[in-house]
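A.B. asks: Encoded as structure tokens, here's the structure I'll be asking about.
Rule-based calculations on the coordinates, nothing more; no lab input. Just so it is clear, the structure is predicted and the values come from calculations on it, not from any experiment. Don't worry about glycine lacking a Cβ; one is built from the backbone with ideal geometry, like all the others, and counts go over all protein chains shown.
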Amino acid sequence: MNKKIIPAIIAKNQNELNEKLLKVKKYVDIVQLDVMDNKFVPNTSLFFDFSIPKTKCQFEAHLMVQDPEDWIERYGNKVDTVLIHYESCNNPNKLIEKVKTAGKKIGFVLNPETPTSKITSFLNDIDQVLIMTVNPGFYGSPFLPEMLEKISDLRKLKPKLDIEVDGGITDKTINLVDKAGANMFVSGSYIVKSDNIEEAINSLKKIVDN
């Protein structure tokens with residue numbers, strides 16, 4: 001399967017978003033925007049009317065918010081893919097239809113404590129699944145190796161599904177999630193806080209491409 005390294009951006013304001021995008025956009029095809037409302041998770045990021053500069057990159061919004069439907073109505077047109085925490089869904093089928101009707105891709109996100117069985121009935125209707133390998137909300141949270149089995153189980157269940165992993169992904173952990181069956185690898189602090197972003201991204205690519 002096509003493997004992708006995806007930097008995750010946390011930003012409190014437009015200037016911070018612009019600065020971080022400028023650093024990463026020339027080295028990757030996809031950028032993840034971490035949206036947090038300080039309710040679903042205890043942090044705030046990109047919870048404002050942001051704008052995205054023109055670039056070749058695609059953008060996915062990881063919605064760590066209590067009301068994903070409201071965010072999608074306001075800002076969903078700005079991104080290519082919407083990733084919604086299953087834990088925040090009151091009506092998963094309605095959200096799938098809303099995002100698909102708008103011509104966007106949709107994926108469900110699972111927190112560490114949420115089993116894959118919660119979303120198996122939706123796997124034919126969504127484009128990807130994001131497995132959290134940390135408790136969400138911050139850069140630099142510790143990687144949870146017990147999530148590897150969840151990735152493997154999902155890959156067996158749906159061999160051609162895009163399985164994305166987010167949380168604690170570094171040059172020390174990416175090989176584990178790659179072998180477990182993930183093909184999309186989100187990395188926040190390891191990439192964005194690196195002194196050499198191109199080198200950090202290439203180090204991850206080299207591991208999963210071998």
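A.B. asks: Between Ser141 and Ala102, what is the spin-label point distance in nm, taking each point 7 Å from the Cα along the Cα→C-beta axis?
C.D. replies: Label at Ser141, label at Ala102, 2.4 nm between them.
A.B. asks: For the chain, what does the relative contact order come out to in percent, with C-alpha contacts under 8 Å and a separation of six or more?
C.D. replies: Over the chain, the number comes to 20 percent.
A.B. asks: Roughly what % antiparallel, to the nearest 5, for the DSSP beta bridges in the chain?
C.D. replies: So the antiparallel bridges in the chain amount to around 5 percent.
A.B. asks: Answer with one residue from Pro53, Thr120, Val65: the one whose Cα lies farthest towards the positive end of the charge dipole of the range 4-209, charges on Cβ with Lys, Arg +1 and Asp, Glu -1.
C.D. replies: Of the candidates, Pro53 comes out farthest on the positive side.
A.B. asks: How large is the helix-only mean residue ellipticity at 222 nm for the chain, computed as the sum of -39500 (n - 2.57) over DSSP H runs with n ≥ 4, divided by its residue count, in deg cm²/dmol to the nearest 500?
C.D. replies: -8500 deg cm²/dmol
A.B. asks: Going by amide H atoms built from the backbone, whose H comes under 5 Å of the H on Thr55, apart from near neighbours?
C.D. replies: Close amide H contacts, sequence-distant or interchain: none at all.
A.B. asks: Taking the dipole about the Cα centre of the chain, with the C-beta of Lys and Arg at +1 and of Asp and Glu at -1, give me whichever of Val28, Ile10, Pro42 is farthest to the positive side.
C.D. replies: The Cα lying farthest towards the positive end belongs to Val28.
A.B. asks: For the range 91-165 and the range 47-70, write down the distance between their C-alpha centroids in whole Å.
C.D. replies: 18
A.B. asks: Select from the range 29-104 those chymotrypsin sites (Phe, Trp or Tyr not before Pro) which occupy a DSSP coil region and have at most 14 other Cβ atoms within 10 Å, ordered by residue number.
C.D. replies: Phe48
A.B. asks: Give, in whole angstrom and from largest to smallest, the semi-axes √(5λ) of the equivalent ellipsoid of the range 4-209, with λ running over the eigenvalues of the Cα gyration tensor.
C.D. replies: Equivalent ellipsoid semi-axes, largest first: 23, 22, 15 Å.
A.B. asks: Same structure again: At a 10 angstrom cut-off on C-beta neighbours, averaged per residue, how do the peptides 105-112, 190-197 rank from highest to lowest?
C.D. replies: Ranked by mean Cβ neighbours within 10 Å, highest first: 105-112, 190-197.
A.B. asks: Could I ask something else about it? Taking the chain as a Gaussian network, where each spring joins two C-alpha atoms under 10 Å apart, which residue of Ser117, Ser152, Ser45 fluctuates the most?
C.D. replies: So, out of Ser117, Ser152, Ser45, the one fluctuating most is Ser117.
A.B. asks: Taking the Cβ-Cβ separation of Lys54 and Lys206 as r and a Förster radius of 25 Å, what is the calculated FRET efficiency to the nearest 0.05?
C.D. replies: It comes to 0.25.
A.B. asks: If you place +1 on the Cβ of every Lys and Arg and -1 on the Cβ of every Asp and Glu, how big does the dipole about the Cα centre of the range 10-54 come out, in debye to the nearest 20?
C.D. replies: My answer is approximately 180 debye.
A.B. asks: I would also like to ask the following. Taking the Cα centre of the range 4-209 as the origin, how large is its charge dipole in debye, to the nearest 20, when only Lys and Arg (+1) and Asp and Glu (-1) carry charge on their Cβ atoms?
C.D. replies: 460
A.B. asks: State, to one decimal in nm, how far the label point of Lys94 lies from the label point of Asn18, with both points 7 Å from Cα in the Cβ direction.
C.D. replies: 3.8
A.B. asks: Follow-up question, since we're still on this one. Springs between alpha-carbon atoms under 10 Å, Gaussian network over the chain: tell me which of Ala182, Ala102, Ala200 tops the mean-square fluctuations.
C.D. replies: Between Ala182, Ala102, Ala200, it is Ala102 that shows the largest mean-square fluctuation.
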